[in-house]
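Visitor: Questions regarding the structure given below will be posed in turn.
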Amino acid sequence: MAVMHVNPTRMELTNLKRKLNTARRGHKLLKDKRDELMRRFMEMVRENKELRRRVEARVADANAHMAVARSVMSDTAIEAALMMPMQEMSVEVAEKNVMSVLIPQYRTEFRTEDNADIFPYSFASTSTDLDGAVEALSDILPDLMKLAEIEKSCQLMAAEIEKTRRRVNALEHVMIPQYEETIKFISMKLEENERGATTRIMKVKDMMLKQAHPQAY
Amino acid sequence: MYKIGVMGDKDSVYGFSSVGLTVMPVDEPSEGIRLLKSVADDFAVIFITEKLASGMDAEIQKYRERTVPAIIPIPGVAGNTGVGMKNVSRSVEQAVGSDILAD
């Protein structure tokens with residue numbers, strides 16, 4: 001690992017030691033964050049798969065009803081029946097903070113409370129299969145919204161986990177070793193200078209002694 | 001206040017209009033991409049048929065890291081193509097490094 005380009009001074013050494021400390025603490029925190037995110041993510045993604053399996057089966061079911069309705073009614077008749085919906089759904093998005101990931105929470109609102117309002121047509125002119133299809137769709141709507149919520153959360157968490165993992169790895173394998181080596185390099189350089197200074201002083205002392213007592217040598 | 005939309009071929013999406021969702025019948029992926037761009041800010045959730053979703057995957061990925069809209073593939077009348085599940089697996093892969101929940 002490369003040693004950073006710094007001056008081997010005591011000030012630089014103190015700075016680097018402080019930086020190394022911060023890096024170590026950040027690394028530990030980020031590692032904890034990654035682990036906790038991962039735990040929650042695994043829980044959520046299992047639920048996501050389970051829910052998706054269920055929802056997909058039920059959407060297929062509703063589609064089957066629709067296919068039958070389509071076979072007994074003409075396209076224009078179906079379109080006319082569904083063209084003017086009475087019900088309107090809107091959603092309020094709240095954000096929940098999970099380990100610094102903002103995951104959405106949906107609160108749905110309907111224009112009318114009446115459940116029968118999902119049928120915007122007269123029953124006289126349409127097939128019962130259309131009723132079945134519409135009812136099936138209305139039944140799975142809460143699950144669909146739940147699926148949307150969970151799936152979006154999973155996507156957001158996955159992105160955050162990836163980011164956190166990268167940061168952890170960068171700290172662990174690049175930053176921290178680099179700091180450690182630079183600190184080692186500087187302290188060795190400083191020790192070397194110190195030894196150099198000691199020998200020089202000893203040498204000077206010798207020379208001065210020789211000058212003072214030439215007969216002793 | 002956001003709306004909830006359904007995008008896909010006409011046969012798959014029309015049923016949703018009666019339960020209060022906004023339907024956007026789209027057949028071509030290129031058309032879907034354009035439509036998605038223009039409506040993305042009004043919708044909190046957009047359900048999209050798997051068939052259409054597989055044609056405009058690159059565009060959908062752009063919304064992956066945004067809180068709104070959530071773009072959720074659902075099976076259309078053409079049947080279940082597995083795109084939705086693959087999408088979930090992709091999240092696992094992104095987070096873990098490999099799909100450890102594959103079955």
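The values are calculated or read from the model by the stated rules, or taken from the named source; none is laboratory data. Here the structure is a predicted model, which means the values were calculated and not measured. So basically every Cβ, Gly included, is an ideal-geometry build from the backbone, and we count neighbours across all protein chains shown.
Visitor: Just checking, does segment A:157-172 include any residue being surrounded by 20 or more Cβ atoms within 10 Å (Cβ to Cβ) and touching a strand residue (DSSP E or B) at 6+ places or on another chain (Cβ under 7 Å)?
Guide: yes
Yes or no, residue by residue, for (1) surrounded by 20 or more Cβ atoms within 10 Å (Cβ to Cβ); (2) within 21 Å of the chain's Cα centre (by Cα); (3) over 30 Å from residue A:46 (Cβ atoms):
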position: A:109; (1), (2), (3): no, no, no
position: A:123; (1), (2), (3): no, no, yes
position: A:130; (1), (2), (3): yes, no, yes
position: A:142; (1), (2), (3): no, no, no
position: A:199; (1), (2), (3): no, no, yes
position: A:206; (1), (2), (3): no, no, yes
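Visitor: Among (1) at pLDDT 95 or above; (2) under 30 Å from residue A:31 (Cα atoms); (3) among the basic types (Lys, Arg), where does residue A:200 come up short?
Guide: Of (1) at pLDDT 95 or above; (2) under 30 Å from residue A:31 (Cα atoms); (3) among the basic types (Lys, Arg), only one is false for residue A:200: (2).
Visitor: Applying the selection to segment A:66-83, what residues are part of a helix (DSSP H, G or I) and not small (Gly, Ala, Ser)?
Guide: A:66, A:68, A:70, A:72, A:75, A:76, A:78, A:79, A:82, A:83 - these are the residues of segment A:66-83 that are part of a helix (DSSP H, G or I) and not small (Gly, Ala, Ser).
Visitor: Within segment B:77-88, can you find the residues that are more than 7 Å from chain A (Cβ to nearest Cβ) and either in contact with a Ser or Thr (Cβ under 6 Å, 6 or more places away or on another chain) or buried (at least 19 other Cβ atoms within 10 Å of the Cβ) (or both)?
Guide: Answer for segment B:77-88, where residues must be more than 7 Å from chain A (Cβ to nearest Cβ) and either in contact with a Ser or Thr (Cβ under 6 Å, 6 or more places away or on another chain) or buried (at least 19 other Cβ atoms within 10 Å of the Cβ) (or both): B:83, B:87.
Visitor: Restricting the search to segment A:72-123, which residues are among the β-branched types (Val, Ile, Thr) and under 24 Å from residue A:147 (Cα atoms)?
Guide: The answer is A:91, A:93, A:98, A:101, A:103, A:108, A:112, A:118.
Visitor: A follow-up question, please. Name the residue, out of B:98, B:54, B:30, that is in a loop (DSSP other than H, G, I, E, B), more than 10 Å from chain A (Cβ to nearest Cβ), touching a helix residue (DSSP H, G or I) at 6+ places or on another chain (Cβ under 9 Å) and without any contact (Cβ under 8 Å) to a residue 60 or more places away in the chain.
Guide: B:98
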